[in-house]
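The values are calculated or read from the model by the stated rules, or taken from the named source; none is laboratory data. In this text the structure is predicted, and so the values were computed from the model without any measurement. Because the Cβ atoms are built from the backbone with ideal geometry, glycine has one as well, and the counts that use them run over all protein chains shown.
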Amino acid sequence: MLDTLMDILLFRLHKRNADSKTPKLTTGTIVFGGLIRLSLIVIAIWWISDVWEFHQFWPLFSLMVIMIVFYPAYREMSIFSDAVDILKESTLCGSCKHFEPSAQICSRYDEHITEEHIPCEGMDWEPHS
Ligand code: SF4
């Protein structure tokens, strides 16, 4: 069902990389998922305050943003950081100067790196200077 509602609005439910080339969880999916969730909360709060004339919505809005946007995004960011640490230790790319850990990407090939997919297959590895 629409890819399980875009893997529950992009935080991806800890799925493994489907095609082993593209990581399911990246900083981009976390930020995009946070923005979608925040937009849905704003629409819901706007509807609640308009239809039910509930004008003291700031405490509810703050609580929903913390519980539905910030805390899940923080938790997924920790999982992403752990995955990148494992990737750095288990692949050649971890010691290469072209590896961008914040995006789990090779800056030379502009491709994501996974344990199963190293874009240059080790041919363009260069040490950090
Ligand atoms: S150049 Fe090769 S070894 Fe270096 S980060 Fe890119 S894919 Fe990995």
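Annotations for the structure displayed:
- Pair list, Cβ < 7 Å and 6+ apart or interchain, from the stretch 83-105 residues that are part of a strand (DSSP E or B) to residues that are within 11 Å of the ligand (Cβ to nearest atom) and of a type in the set (F, W, Y): C96/W125
- Residue match in the stretch 27-35 (condition: modelled with pLDDT under 90 and aromatic (F, W, Y)): yes
- Residues being surrounded by 13 or more Cβ atoms within 10 Å (Cβ to Cβ), within 19 Å of G28 (Cβ to Cβ) and within 11 Å of the ligand (Cβ to nearest atom) are represented in the stretch 69-87 by at least one member.
- For the stretch 38-45, the criterion of being at pLDDT below 90 and either surrounded by fewer than 17 Cβ atoms within 10 Å (Cβ to Cβ) or within 16 Å of the ligand (Cβ to nearest atom) (or both) is met by none of the residues.
- Residues in the stretch 98-116 that are more than 17 Å from F80 (Cβ to Cβ) and more than 7 Å from the ligand (Cβ to nearest atom) were compared, and the one that is surrounded by the most Cβ atoms within 10 Å (Cβ to Cβ) is E111.
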